[in-house]
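Taking it in order: structure first as structure tokens, then the write-up.
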Amino acid sequence: GVGADNDLYINQAIVFIEDAIQYRSINHRVDSKSLWLYRWYYSRTCQWILSLTITVILALAFVEEPSSLTVTSDVRYRLPAWNPPCGLTESIELLCFLVFMVDVSVKSYLIGWKEFWKNKWLMAYILTLIVSLADWIVSLSFFCKESVRIRRILRPFFLLQNSSMMKKTLKSINSTLPEMASVLLLLAVHLALFTMFAMLLFARTKDNQQDKEWVVYFRNLPDSLTSLLVLLTTANNPDVMIPAYSKNRAYSIFFILFTVLGNLFLMNLLTAIIYNQFRGYLLKSVQSSLFRRRLGIRAAFEVLSSLKETPASAQQSCVSVGALLQVLQKAEMDSRCKQAITRSLKMCSCDQLSAAQFQKLFEELDKDAIKQHPPSPEYQSHFMQKMQFAFSHPCFGYLGNVVALANIISICVVLVMDADKQPSERDDFFLGAINCFFILYYLLEMLLKILAMGLKRYLSYPSNRFDGLLTVILLILEIATFAVYGFPHPGWRPEFMGLLSLWDMVRLVNMLIVFRFLRIIPNMKFMALVVTTLLDLVKNLRAFAGILVVVFYAFAITGIMLFKGAVVPLGNTRGSKAGFPGSCAHISLSSLAALPTQPMTMALCMLSWCSAHFQAGIVYCLLYVLSVHLICRWAKIYFVAWWLISSVIWVNLFVALLLENFIHKWDRRCQRESLSGIEYQRTVELMFRDVLEEPTEEELMEKLHQHPHLQLCR
């Protein structure tokens, strides 16, 4: 009947608007049952279950054999790790697979058979599940004793396919690779030429004392190539040139030329190309997101214009205000946008909306999110008004910053004075007294700010919430310290109790006072610009962080399989991995003495920490920066691949996005004055909003007529 058709149109409009809000494709089934299933699938509960499932299956790697459940990763000191019995983690894994099977089944049904064959991600999803289930069956067949588990490497795919922004980012990276390959090829030529020069320059001579450079770094082609490749990362600088430099200072010219050409020119050229190309591809991706949003809004207008209550005499399609209000009440969207659109509808004098008016209403979705702070309380007393003016004035905040700085200086002075003293010789009276004074000031400052601003306005500022929480913690610890040890007095030394005494806790928490001084940042425009740029990257670039997790996870799992047993405790070589290519299987921990402390070392140790349950996790630090004769030649491929992906490509991509965000904010700094009490929150889509092109009506209607499941009346 007419009523059933109207309900279907309303539900279709609701789903299309929700698709537009989330930048989702509208090419899905639009019948009543499918719409219910679609909304159920994208509900918060279902998406939370799916996210939890992805987290659980990724976290299994830290529990599965070899387990990470040890306090230390040092194989010399750690106790045997607890390994779950066969079938425990496999049962959890099977439950995760069942959730993924339901997920891919619902997705495949909703988009339809024709669209399924066009969706490469869904086909890859099914293929990954099939391979993972087959590998799971093999594990149970071998009673969990198999050495290689292919499904562990495939697990990051579940995280990747669940995020549309991550897929767009990966597509942009893939499109940028041809341009990056040209510079990487030039970098390879640079490396090969200087390798040849080095082998000729540091060739073996009759004098063994003069051949240290040849013996250690340039003995053969693989060693020479490795030495210069590591020099390109500056990890072995200046160690690689010391023997030659000791022989003749002129040899330093070779290393200087290699570093200048490689690091200063080619690497920075790579950054410039990545920035230029990736920005263009990301812009195209964001442009397609805008098209999806406009298409979803236009689809909602078209189905609402098909309602039977629409006047038949209308020369062009229109939508009644009442129908749109009904849709807004049921649609899941931000309360700010919903209130703004509802307010505009109530102020509208007409009963019918044209397509242009309908689209303009939903431009509210594209605006910056503005957070306004609650108003301050209004006092009737003249004295209270003066108090409010004084303690809400910026000068009172400046005074708090000065006091926080004084607190930091006093703590530093005490720590420097007591650095060389024995614990029995220290007198904590001075530090106890100044702590008591500063904590009382912080408490008074917090109470006065609450009095002037009101509790709601005070808590609406993140800096105030941090200051207040810190003050409460300090006050509780101070009261507990006085209750246990009494008030400070000359010769006052609180005894050490347990792992950490109350007094030590107060001193550690007091270090957080450093962050109070960071409140000066909003008062310095350029510094505030830099900080807000970094905060925007942290908040909005979750897709990049997700892909970084995927890369770390895949390399960590690969490292577990490749290097398991490669490093054994001192004096024990029975546990070495037999059959491992090269000579990696017999590296002992005695070679750790040669481990230099350089930034690259720490970066690679971060990777080994992610795979700490690999029996010799420190091999990451060991293989890359130890002497060349200890490095397994096959392992070099693994670490060079890691360096290319993480340092060369990924770091440059991050720099490109950092530059884009900073330039965008820098260009807009004069266009919009900062308003007191207002915070602007921007997303990646809004970052490019000024340069995006609006789709035309012809493009939108052509795309709508191509919808596989929607039949329009016109």
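See the values below:
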| item | result |
| --- | --- |
| Among residues of segment 40-52, those that are in a helix (DSSP H, G or I) and open to solvent by 40 Å² or more (accessible area, probe 1.4 Å), counted | 8 |
| Single match in 270, 304, 257 (criterion: closer than 30 Å to residue 321 by Cα and of a type in the set (A, V, I, L, M, F, W, C)) | 304 |
| Test: residue 143 is without any contact (Cβ under 8 Å) to a residue 60 or more places away in the chain and in a loop (DSSP other than H, G, I, E, B) | yes |
| In segment 454-476, the residues that are within 17 Å of residue 377 (Cβ to Cβ), assigned to a helix (DSSP H, G or I) and aromatic (Phe, Trp, Tyr) | 458 |
| Which listed residue, of 175, 147, is surrounded by 14 or more Cβ atoms within 10 Å (Cβ to Cβ), at pLDDT below 80 and over 30 Å from residue 241 (Cα atoms) | 175 |
| Leading residue by the ranking (least open to solvent (accessible area, probe 1.4 Å)) among those in segment 108-134 that are in contact with a helix residue (DSSP H, G or I) (Cβ under 8 Å, 6 or more places away or on another chain) and touching a residue at least 60 places away in the same chain (Cβ under 8 Å) | 110 |
| Boolean, residue 435 is under 36 Å from the mean Cα position of the chain (by Cα) and open to solvent by less than 40 Å² (accessible area, probe 1.4 Å) | no |
| Cross-chain or 6+ apart pairs with Cβ under 7 Å, segment 379-399 first and hydroxyl-bearing (Ser, Thr, Tyr), then open to solvent by 60 Å² or more (accessible area, probe 1.4 Å) and part of a helix (DSSP H, G or I) | 379/385 |
| Hits in segment 150-159 (condition: over 19 Å from residue 51 (Cβ atoms) and either in contact (Cβ under 8 Å) with a residue 24 or more places away in the chain or open to solvent by less than 60 Å² (accessible area, probe 1.4 Å) (or both)) | 151, 152, 153 |
| Test: residue in segment 74-84 that is touching a residue at least 40 places away in the same chain (Cβ under 8 Å), in contact with a strand residue (DSSP E or B) (Cβ under 8 Å, 6 or more places away or on another chain) and farther than 30 Å from residue 332 by Cβ | yes |
| Close pairs (9 angstrom Cβ cut-off, 6 or more residues apart or separate chains): under 13 Å from residue 323 (Cα atoms) in segment 340-356, of a type outside the set (A, V, I, L, M, F, W, C) and part of a helix (DSSP H, G or I) anywhere | 342/329; 351/322 |
| Qualifying residue in segment 59-67 (condition: of a type in the set (Val, Ile, Thr), in contact (Cβ under 8 Å) with a residue 12 or more places away in the chain and open to solvent by 50 Å² or more (accessible area, probe 1.4 Å)) | no |
| Any hit, segment 163-180, residues being more than 35 Å from the chain's Cα centre (by Cα) and either on the phi < 0 side of the Ramachandran plot or in a helix (DSSP H, G or I) (or both) | no |
| Which listed residue is assigned to a helix (DSSP H, G or I) and either of a type in the set (Gly, Ala, Ser) or over 20 Å from residue 294 (Cα atoms) (or both), from 380, 359, 385 | 385 |
| Restricting segment 624-656 to residues that are assigned to a loop (DSSP other than H, G, I, E, B) and open to solvent by less than 20 Å² (accessible area, probe 1.4 Å), the residue that is modelled with the highest pLDDT | 632 |
| Top-ranked residue of segment 404-426 - restricted to ones that are open to solvent by less than 50 Å² (accessible area, probe 1.4 Å) and without any contact (Cβ under 8 Å) to a residue 40 or more places away in the chain, ranked as farthest from residue 461 (Cα to Cα) | 418 |
| Residues of segment 9-39 classified as out of contact with any Phe, Trp or Tyr (no Cβ under 9 Å at 6 or more places or on another chain), open to solvent by 40 Å² or more (accessible area, probe 1.4 Å) and assigned to a helix (DSSP H, G or I), total | 5 |
| In segment 75-103, the residues that are touching an Asp or Glu at 6+ places or on another chain (Cβ under 6 Å) and within 27 Å of residue 49 (Cβ to Cβ) | 89 |
| Long-range neighbours under 8 Å by Cβ, at least six apart or interchain, first residue over 19 Å from residue 546 (Cα atoms) within segment 160-184, second surrounded by fewer than 16 Cβ atoms within 10 Å (Cβ to Cβ) | 183/269; 184/644 |
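Residues are listed down the side, and each one gets a yes or a no for (1) in a helix (DSSP H, G or I); (2) outside the structural domain of residue 559 (by the TED database); (3) among the hydroxyl-bearing types (Ser, Thr, Tyr):
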| position | (1), (2), (3) |
| --- | --- |
| 85 | no, yes, no |
| 94 | yes, yes, no |
| 109 | yes, yes, yes |
| 126 | yes, yes, no |
| 138 | yes, yes, no |
| 148 | no, yes, no |
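The values are calculated or read from the model by the stated rules, or taken from the named source; none is laboratory data. Remember, predicted model here, so these are calculated numbers, not experimental data. As a convention, Cβ positions derive from the backbone with ideal geometry for all residues, glycine included, and neighbour counts pool all protein chains shown. Quick note on the areas: whole protein, heavy atoms, side chains included, nothing else; ligands and nucleic acids left out. Shrake-Rupley method; radii C 1.70, N 1.55, O 1.52, S 1.80 Å.
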